[in-house]
1. Between 97, 124, 256, which gets the highest mean-square fluctuation from a Gaussian network model of the chain, Cα cutoff 10 Å?
2. If packing is taken as the average number of other Cβ atoms within 10 Å across a peptide's residues, how do 227-238, 129-140 rank, most packed first?
3. Can you sort 269, 344 by how many other beta carbons sit within 10 Å, fewest first?
4. Taking θ as phi - 60°, what are the ³J(HN,Hα) couplings along region 287-302 by the Karplus curve (6.51, -1.76, 1.60), each to the nearest whole Hz, with x for Gly and Pro?
5. Indicate, rounded to the nearest 5 percent, the antiparallel portion of the DSSP beta bridges found entirely in the chain.
6. What trypsin sites (Lys or Arg not before Pro) in region 279-357 are in a loop by DSSP, with at most 16 other Cβ atoms within 10 Å of the Cβ?
7. Would you give the gap between the C-alpha center of region 251-265 and the C-alpha center of region 317-357, rounded to a whole Å?
8. State the label only: which of (i) -0.28, -1.03, -1.20; (ii) -0.34, -1.04, -1.15; (iii) -0.44, -1.10, -1.18 corresponds to log10 I(q)/I(0) by the Debye sum over Cα atoms at q = 0.07, 0.13, 0.14 Å⁻¹ computed from the shown model?
Amino acid sequence: MSGASVVRVYTDGACRGNPGPGGWAWAVEGGRWASGHDPATTNQRMEILAALEATRQIDGPLVIVSDSTYVVHCWRDSWWKGWLAKGWKNSQRKPVANQDLWEQLVPVFRDRPDFSMEWVKGHAGDPMNDLVDRLAVAASHGRPGSGDGRPPSELLGDADRVASSAARASTGSTGSTGSTGSTGSTGVVSRDGRVPTGWRLVVTGLRDTSLARGSNAEVLEGRFAEILTAQQQLHPDLVVLSGLRPGSEELGARAAAATHVPFVAVLPYPDPMAGRPESDQAAFARLVSSADSAVTLERQRPVDLDGRRSSLQRRDGWMRSVADAAIVLTDGRDPDAELALRRYGAAVGDELWELNL
């Protein structure tokens with residue numbers, strides 16, 4: 001492409017249930033963004049619509065960057081040419097899925113010589129891919145929007161600091177305990193000395209102090225314990241990884257201790273509870289001390305709140321990268337828990353258990 005400057009637009013789609021409530025989003029780095037909601041849709045439709053909406057709003061040379069192989073391959077491998085030649089039938093002579101949307105996007109593929117697409121791996125630390133992912137998830141919960149510049153925190157969630165920190169998503173310096181290179185049940189050898197040996201199962205999801213101390217805490221802990229007991233029968237080298245945050249992570253750690261499954265406390269930096277009430281610090285210290293080992297990913301505690309939030313994001317990314325399996329506690333509404341469900345689904349595939357309140 002030449003002449004006018006090329007605009008790179010990141011797009012993503014999300015769906016809760018597939019089919020279910022969905023959202024789409026597109027964003028230009030440091031510039032315009034938009035997202036939309038559909039009360040009853042599929043993930044594929046949202047991926048197509050995200051790209052389509054971007055082409056409607058942005059003129060001139062355009063590159064759409066998407067983590068959807070479905071959309072990118074249609075453009076790259078010219079699936080659409082075969083569909084047109086066969087009267088909107090696929091290779092099995094069946095009607096093309098989502099034809100109503102493709103009929104609107106295919107003319108862009110055909111008629112805009114200044115258009116192209118790129119694929120990006122999803123949930124792999126690309127800051128703009130993470131940004132549109134958060135926007136699409138928020139839109140699926142009925143919180144669409146549009147604007148110029150950084151989207152508001154109520155759409156992204158307070159834990160998200162994509163623009164400045166996700167680009168620094170590499171893990172920090174080697175912390176405390178951990179094996180010196182490990183091989184789990186997957187047979188994959190890790191070069192990261194902090195990775196525990198064994199079949200690594202992460203517990204995460206809803207972060208709510210009342211979950212671990214409320215009237216349903218015993219029931220929830222029992223549900224975690226049932227899964228851990230079954231997993232230990234399949235994987236005798238099972239080890240649980242927990243960030244120990246209040247809520248699902250604390251419950252998972254307690255369930256591991258109750259079922260005598262080894263568990264590792266994964267801390268983002270030293271003394272993560274500094275500044276909290278002494279009772280909270282003492283409870284956290286007891287939980288850490290009950291762990292079989294602890295991994296501290298960064299040597300120094302960040303000096304400000306944004307730095308600590310960024311460290312937590314890096315810790316969560318590290319846990320996804322080493323997980324063989326995961327349990328995610330959700331309520332079907334909390335955007336952070338829903339995002340964790342999607343990201344761990346991408347990371348561990350079928351080895352994902354969703355506990356829904």
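We did not get these values from a lab; they are worked out from the coordinates using the rules stated. What you see is a predicted model, and the numbers here were worked out from it, not measured in a lab. So basically every Cβ, Gly included, is an ideal-geometry build from the backbone, and we count neighbours across all protein chains shown.
1. Among 97, 124, 256, the largest mean-square fluctuation in the Gaussian network model of the chain belongs to 97.
2. Numbers: 227-238: 16.2, 129-140: 27.1.
Going by the mean number of other Cβ atoms within 10 Å, highest first, we get 129-140, 227-238.
3. On the way: 269 21, 344 26.
Lowest count first: 269, 344.
4. Using θ = phi - 60°, the values come out as 5, 5, 5, 7, 6, 6, 7, 9, 10, 10, 7, 10, 6, 10, 6, x Hz.
5. Values: 20 of 52 bridges.
Percentage antiparallel, nearest 5: 40.
6. Numbers: sites: 286, 299, 308, 309, 314, 315, 320, 333, 342, 343; in loops: 299, 333.
When the trypsin sites (Lys or Arg not before Pro) of region 279-357 are filtered for loop state and at most 16 Cβ neighbours within 10 Å, 299, 333 remain.
7. Going from one Cα centre to the other spans 18 Å.
8. Answer by label: (ii).
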